[in-house]
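Chemist: Structure incoming, see below.
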Amino acid sequence: MNLVKGSIENIAKNNNTSIAETFMNIDAIILIDVSISMADKDTDSNQSRYDVALDELSKLQNNLPGKVAVISFSSFPSFCPNGIPNFDRGMTDMAKALKHIKIADGCGIKFILISDGEPNSKGDTLSIAKTFETKIDTIFIGKETSSGRDFLQKLSDLTGGISVTQETEKLHFLETNLQLLLNA
Amino acid sequence: MIICRNKQKNLFGENITQNNDIKINTDEFGLQIKTPYSAKFLEDLKREIPYQFRMWDADLKIWRVANQFAEKACEIIELNYGYCPEIKINDSNSKFQSQTYLIEYIGRSKERDDSGESFSLGFCQNAWNIVFPEKALKEFFEGKADDQTVTTSQNNKLTFYQLLGIKQSCVQKDIKSAYRRMAKQWHPDVCSEPDARDRFENIKTAYQTLSEPIMRKRYNAGLMFEKEANKTNKKQSKLSTTYGYAPPLRCGLITIDGEYSVGKIIVSKIHAWDDWQKDGKTAVASWDTLQNEISIKWV
């Protein structure tokens, strides 16, 4: 699969418009962590976290055609117009990822950040998050009790957003949770 | 001062004597070359000397070559004919700055030699004698190369900024005046360009989007991400539609830096582009494909 149905690139091709024009009509940017920990195969289907997340994001884009932009991040953020997060397996530079989407802050686009770990620099990440007008909702992939969970809660609180936990064994409900956040 | 010498020798090591069929004169802009016909010579000339520095003079049946390529031209003549007359060329300062020309029509750009560069020709003083490099046109309308937005390779659509002929960094109040200017120039009732109707509709969409600050912000974000995706996927491409790059304006009083070269003016920079006006009306120039000529209408 190299183009998800309902992704920005797919819709742009179908409508014979540019990616920029299609992007104008999105409801949300999904910022998804693709650091090395997403290779863990601790989901209920024994697939990696990345593979399950990819399926769930594909479902979401298919159900909301042209409404969701996918940006993956690990050491660097990367816009994925084809709807498929680039699995870089790097570090977790969340601060850089937030800086990257800042250009879309304050124009009615929702931000949902999905991560299973702590960022390289908590301080930098929170400093940048503080500058956002738009709320940042977060989905933590992992156990409720881990420290990464606390950090994402803090990040959402800082911006007035919602933070939820998605246990790895129930990662196939990710799309459902994303829909709930989008409708919140 | 450049001197070209005959370097050829015959089998006995003697200098080859004059070939009266080859004549080279010089004027302030360069060489005037008359040779017997040779397909190989033409091929070499066109390959080695960029388009904007050579010209076939159909009236005199000579090739004109700019001074800076005189030595190269002599080499090509020697290679093909075994002989090149001795000539003396006076270096002249052919460059100029900030001169204004009335251009009645600028065509679409296309590659005219193997350099990979594209040029548009401008019609001025009854001749197609002003050469606009595509990069000079884009720099004027879109800003420096790094600032230029690029179209996606998937459908080569112009950006909203390109459609309105404005830079992405322009202030909000400039958008309306740009829209009025472009709408006048591309209205299908007065513009005969083949894509006028589509372009006119796209200009309206561009204005509706960019005149709303929130939508403009969304669009700018989309452009940034699209540019990033194109770089990553190495999809960045020159704008190449079926017709070639068409500047958003096709006529006007244009102030340029440039240089004179073999009966042409080569533009290096555009400073200003004002409407061509007469008796309170503005000229709209387009290419009438039925008549195969420039059509000027006054609105």
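The values are calculated or read from the model by the stated rules, or taken from the named source; none is laboratory data. In this text the structure is predicted, and so the values were computed from the model without any measurement. Positions of Cβ are backbone-derived with ideal geometry, glycine not excepted, and every protein chain shown enters the neighbour counts. Calculation scope for accessible area: heavy atoms of the full protein, side chains included, ligands and nucleic acids excluded. Shrake-Rupley method; radii C 1.70, N 1.55, O 1.52, S 1.80 Å.
Chemist: Out of everything in the range B:204-227 that is in a helix (DSSP H, G or I) and closer than 12 Å to residue B:176 by Cα, what residue ends up being nearest to the other protein chains (Cβ to nearest Cβ)?
Modeler: Keep residues of the range B:204-227 that are in a helix (DSSP H, G or I), which gives B:204-210, B:213-227.
This time we only want the ones that are closer than 12 Å to residue B:176 by Cα, so: B:204, B:206-210.
Details: B:204: 14, B:206: 10, B:207: 14, B:208: 11, B:209: 7, B:210: 11 Å.
Ranking the candidates gives B:209 first.
Chemist: Determine, yes or no, whether residue B:79 is in a strand (DSSP E or B) and at pLDDT 90 or above. Walk me through it before giving the result.
Modeler: Working: in a strand (DSSP E or B): no; at pLDDT 90 or above: yes.
In short, no.
Chemist: Right, here's the next one. Out of A:39, A:104, A:95, A:12, I need the residue that is more than 9 Å from chain B (Cβ to nearest Cβ), in contact (Cβ under 8 Å) with a residue 24 or more places away in the chain and closer than 29 Å to residue B:214 by Cβ. Which one?
Modeler: Numbers: A:39 fails: closer than 29 Å to residue B:214 by Cβ; A:104 fails: more than 9 Å from chain B (Cβ to nearest Cβ); A:12 fails: more than 9 Å from chain B (Cβ to nearest Cβ).
Exactly one of A:39, A:104, A:95, A:12 is more than 9 Å from chain B (Cβ to nearest Cβ), in contact (Cβ under 8 Å) with a residue 24 or more places away in the chain and closer than 29 Å to residue B:214 by Cβ, namely A:95.
Chemist: Now a separate question. Tell me which residues, restricted to the range B:95-112, are open to solvent by less than 20 Å² (accessible area, probe 1.4 Å) and either closer than 23 Å to residue B:46 by Cβ or of a type in the set (D, E, K, R) (or both).
Modeler: Correct list: B:107, B:109.
Chemist: Considering B:131, B:190, which residue is surrounded by fewer than 20 Cβ atoms within 10 Å (Cβ to Cβ), modelled with pLDDT of 90 or more and either assigned to a loop (DSSP other than H, G, I, E, B) or not aromatic (Phe, Trp, Tyr) (or both)?
Modeler: That would be B:190, the only listed residue that is surrounded by fewer than 20 Cβ atoms within 10 Å (Cβ to Cβ), modelled with pLDDT of 90 or more and either assigned to a loop (DSSP other than H, G, I, E, B) or not aromatic (Phe, Trp, Tyr) (or both).
Chemist: Name the one entry in A:123, A:108 that is surrounded by fewer than 17 Cβ atoms within 10 Å (Cβ to Cβ), assigned to a loop (DSSP other than H, G, I, E, B) and not charged (D, E, K, R). I'd like the intermediate steps shown before the answer.
Modeler: On the way: A:123 fails: assigned to a loop (DSSP other than H, G, I, E, B).
Of the residues listed, the single one that is surrounded by fewer than 17 Cβ atoms within 10 Å (Cβ to Cβ), assigned to a loop (DSSP other than H, G, I, E, B) and not charged (D, E, K, R) is A:108.
Chemist: If you go through the range B:229-241 one residue at a time, how many are open to solvent by 10 Å² or more (accessible area, probe 1.4 Å), within 14 Å of chain A (Cβ to nearest Cβ) and either modelled with pLDDT of 90 or more or under 28 Å from the mean Cα position of the chain (by Cα) (or both)? Lay out the reasoning, then the answer.
Modeler: The initial filter retains those residues of the range B:229-241 that are open to solvent by 10 Å² or more (accessible area, probe 1.4 Å), namely B:231-241.
Those left that are additionally within 14 Å of chain A (Cβ to nearest Cβ): B:231-233, B:235-237, B:239, B:241.
Filter once more, keeping what is either modelled with pLDDT of 90 or more or under 28 Å from the mean Cα position of the chain (by Cα) (or both): B:231, B:235-237, B:239, B:241.
Number of matching residues: 6.
Chemist: Another question, if that's okay. If residue A:48 satisfies every condition in (1) away from every other protein chain (no Cβ under 11 Å); (2) within 16 Å of the chain's Cα centre (by Cα); (3) modelled with pLDDT under 95 but one, which is the exception?
Modeler: (2)
Chemist: Right, another one. Within the range A:15-36, restricting attention to residues that are more than 14 Å from every other protein chain (Cβ to nearest Cβ) and not in a strand (DSSP E or B), which residue is surrounded by the fewest Cβ atoms within 10 Å (Cβ to Cβ)?
Modeler: We begin by selecting, within the range A:15-36, every residue more than 14 Å from every other protein chain (Cβ to nearest Cβ); these are A:32-36.
Of the ones still in play, those that are also not in a strand (DSSP E or B) are A:34-36.
On the way: A:34: 27, A:35: 24, A:36: 14.
Among them, the one singled out is A:36.
Chemist: Return the pairs, sorted by first residue and then second, in which the second residue is hydroxyl-bearing (Ser, Thr, Tyr), the first residue lies in the range B:34-58 and is more than 22 Å from residue B:134 (Cβ to Cβ), the beta carbons are less than 7 Å apart, and the residues are 6+ apart or on different chains.
Modeler: B:35/B:81; B:41/B:35
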